[in-house]
Structures are given as C-alpha cells and as structure tokens.
Amino acid sequence: MTKLFSPFNLKELTLKNRIVMSSMCMYSSVEETGHMTPFHFSHYISRAVGQVGLVMTEATAVQPEGRISAQDLGIWDDEFIQGFTELNEQIHAYGAKSGIQLAHAGRKAELESPGYAPSTLAFNESFKEPIAMSTADILNTIQAFADAARRAKKANFDIVEIHAAHGYLINQFLSPLSNKRSDQYGGTRENRYRLLSEIISAVKKVWDGPLFVRISTDEYHELGNKIEDILYFTKQMKDQAVDLIDCSSGGVVPASISTYPGYQVKRCEIIKQSTMIATGAVGLITTGIQAEEILQNNRADLVFIGRALLINPYWAKMAADELRQSLEAPTQYKRGWH
Ligand SMILES: Cc1cc2nc3c(=O)[nH]c(=O)nc-3n(C[C@H](O)[C@H](O)[C@H](O)COP(=O)(O)O)c2cc1C
C-alpha cells in the first residue's frame, strides 16, 4: 500500500487517505450575505465523490469585517449552521471528511470600510490604511473565532483550521513587518504570538476535534520572521496541542516568490522534524509520485492539493493510477472506474 492511500488518524478521526483538498476561496457566495450558493455544493461534493480524504472548505470569515471580499463565505452568525450542516452531510456521504478554515482578512480586506490590523500600515498603495485594533477589538475577534468554531461543531465539520497564513489578520500579528504595536500583542515574538495563542485557547474551549493551523513558513523578506521564529511559533502550537501545521508561505508583504514543484515542502519538513508535530505540505504538488515521495520520506503527513484539484476533481484517481494503486470507486461510478 502506498503512503498516499493509507489512512491517517487524528484523535478519533480517520482520514481514508492523505489527500486534502486545500482551502481555496471561490468568491461565489451570495453577495454581501456570506451564504453558500449551489456552486459550493457542486464544487465540494464533487471532490468528495473524487475520493479525496479531506475536503477543506475555503477561508470563511468569522466577522463580516474580516472578509477578503463581499463574495466570501461567512460563519459569523448561527444562521450559517444549517447550510454547512447540509454540505457536510453530502461530503460525508461519499466517505470524505470535512474541514473549515476560519479566517479574518485584517488589513487585506477589500471592502468599502477600512480593515482592522495590528497597526495602521496598509499592505500596499492599493489597499486602504487599516484601523489599528484596540484591546477590545482584539478580544472581540478572539471571541468571534471561538463562536465560529462552536458553529462548525454544530454543523458537523470534522476539522477546524485556523488561517494564520498569507498575510491575513493573524499573520499580520505574527510578523514584525506588519505588527508595530507596543502593547502585549506586539514587539517580541512571544507578544506577536499572543493573538494566535489566545485564539487557539478560545477555540479549544468549544472545539475538541482535530485542530489545524495554516501558517506562512517564509515571509520572503529579510526583516520578516526567520525560520527560528517560525519554529518558536510551531513549538508553542505543539504545546497548545494543535494537531497539524499546514505549511504554506508568503502574503505578509508584497514579494516576488520563485515557485517550483514542492517549493514549500522543505520548510514543512524542517517543522515536522524539529517540532515533532504532524504537518501538511502544500504548493505545486501535482503528481502522485511527487506526493508519495513527500510522505514516504516523512517530510509531511498529509498533502494539500489546490489548483490540480480545480482542474481535475478526480486527481485522487489519477494519482492512484500513476502509483498502480487500486482506489475504491463511488458506487455510482463503478462501471467507469478501471
Ligand atoms: C483560487 C484560489 C483560492 C485560494 N484561496 C485560499 C484560501 O481560501 N485559503 C488558503 O489558505 N489558501 C488559499 N489558496 C492557496 C491554496 O490553498 C494553496 O495553498 C496554493 O494554491 C498552493 O497550492 P497548489 O499549488 O496545489 O495550488 C488559494 C489558491 C487558489 C488558487
């Protein structure tokens, strides 16, 4: 049996294989309300039919002001629970597990009103200058993440992922490039980690299932967080009993990133080996052989597939064929699944 198609246990949860559909904003919710449209059902359910082990839904805003755009999905109110419950029922019907990525865009919100951020630094000239968050704003946002996790539990998600990557709000606090605060949420890396730490603790009070955190492992800037800082953060997360670090990169400041197959895997491997925590690798992983190499060499525990799954909902079948691995077909498709 290949590693890619072997099960993976997270607490009481078992993923049937190591293939995760990576979170990808589809900017297709009902304009301004943040509710799902029929598109979301087709989009996510078809990847469950396509036999991925875990379907991670897109970045979902915990507060309306934390949306990237007016077309983002939301989970800032109990009225969202019903739609997600229905979606999860269908994802589960095809044997996949489901996860939600809880997000706040911070200064990268592209809404009419300015975004909220640790400091009043805009991402670049095309973004509005953000409002520097007061302690009360910070506490409200921490509570919003916890409320969102409570709703995710009610809606039967299997996994919660906190989005602390790509230069969105939590990443803005983590990075010295965007966090210029002089209170307990800024300055030293201990202080810059405080918001994420408090969000993890608050989420854990209401969510007892597996918890992932997506981080940017490289800020592509000489004054940004270094690998030692990243390892400090991942060690703290391990101590807080986070179950898996989803290892992405970039987005804190404008930067040109040279990408190549598996360009983010090296740091994922370093985190896994140094912190002794489960990791997910993501970024230009497009073939079964490539995914298998990452897992076989213990560089990650899960592979997150983004764009390759957008163009091919049957990526898992393609990878299984490539690795000469049999893969169970969804009942309805047995006759076409050789
Ligand atoms: C259309 C699109 C939307 C994305 N939205 C998100 C998102 O909501 N949350 C997130 O963490 N990453 C997001 N990403 C990044 C992907 O999850 C993934 O990390 C990235 O595309 C690299 O993986 P890939 O080479 O397999 O596509 C998005 C990427 C794409 C292409």
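What follows is calculated from the coordinates using simple rules that are stated; it is not laboratory data. Worth saying up front: this structure is predicted, and the values here are computed from it rather than measured. Neighbour counts run over all protein chains shown; Cβ positions are idealised from the backbone, glycine included.
The table below gives the values:
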{"read-out": "Size of the range 8-333 as Cα extents on the principal axes (Å, biggest first)", "value": "57, 42, 37"}
{"read-out": "Computed magnitude of the charge dipole of the range 8-333 (debye, nearest 20; Cβ of K, R +1, Cβ of D, E -1)", "value": "700 debye"}
{"read-out": "Residue of Ile270, Ile45, Ile257 that the Gaussian network model of the chain assigns the largest fluctuation, springs spanning Cα pairs under 10 Å", "value": "Ile257"}
{"read-out": "Rel. contact order, % - alpha carbon contacts under 8 angstrom, at least six apart, the range 8-333", "value": "16 percent"}
{"read-out": "Fewest-first sequence of Arg324, Arg18 by Cβ atoms within 10 Å of each Cβ", "value": "Arg324, Arg18"}
{"read-out": "Principal-axis tilt of helix 38-49 within the chain, Cα atoms, nearest 10 degrees", "value": "50 degrees"}
{"read-out": "Computed log₁₀ I(q)/I(0) - Debye formula, equal Cα scatterers, no solvent, the range 208-338, q 0.14, 0.19, 0.22 Å⁻¹", "value": "-0.70, -1.08, -1.28"}
{"read-out": "Projected label distance in nm at Thr135 and Glu12, using a 7 Å step from Cα toward the beta-carbon", "value": "3.9 nm"}
{"read-out": "DSSP-defined antiparallel bridges as percent of all bridges, the chain, nearest 5", "value": "10 percent"}
{"read-out": "Between helix 189-206 and the chain: long-axis angle, C-alpha atoms, 0 to 90°, nearest 10", "value": "60 degrees"}
{"read-out": "For the range 238-280 and the range 292-338, distance of Cα centres in Å", "value": "22 Å"}
{"read-out": "Crossing angle, helix 135-154 versus the chain [Cα axis fit, 0-90 degrees, rounded to tens]", "value": "20 degrees"}
{"read-out": "Residues Thr57, Thr37, sorted so that the one with the fewest Cβ neighbours within 10 Å comes first", "value": "Thr37, Thr57"}
{"read-out": "Inter-label distance, nm, simple model (7 Å from Cα along the C-beta direction), Lys205/Phe39", "value": "3.7 nm"}
{"read-out": "Over 29 Å between alpha carbons, listed pairs Lys180/Lys235; Lys3/Lys235; Lys153/Lys226; Lys204/Lys235; Lys128/Lys238; Lys128/Lys180", "value": "Lys153/Lys226; Lys128/Lys238"}
{"read-out": "Amide H contacts under 5 Å for Asp246, placed H, 5+ residues apart", "value": "Val213, Arg214, Ile215, Gly280"}
{"read-out": "Packing-based exposure ordering (other Cβ within 10 Å, fewest first) of Trp337, Trp207", "value": "Trp337, Trp207"}
{"read-out": "Within the range 244-338, GluC sites (Glu not before Pro) in DSSP loop having at most 15 other beta-carbon neighbours inside 10 Å", "value": "Glu328"}
{"read-out": "Pairwise centroid distance, computed over Cα atoms, of the range 182-203 with the range 38-58, Å", "value": "34 Å"}
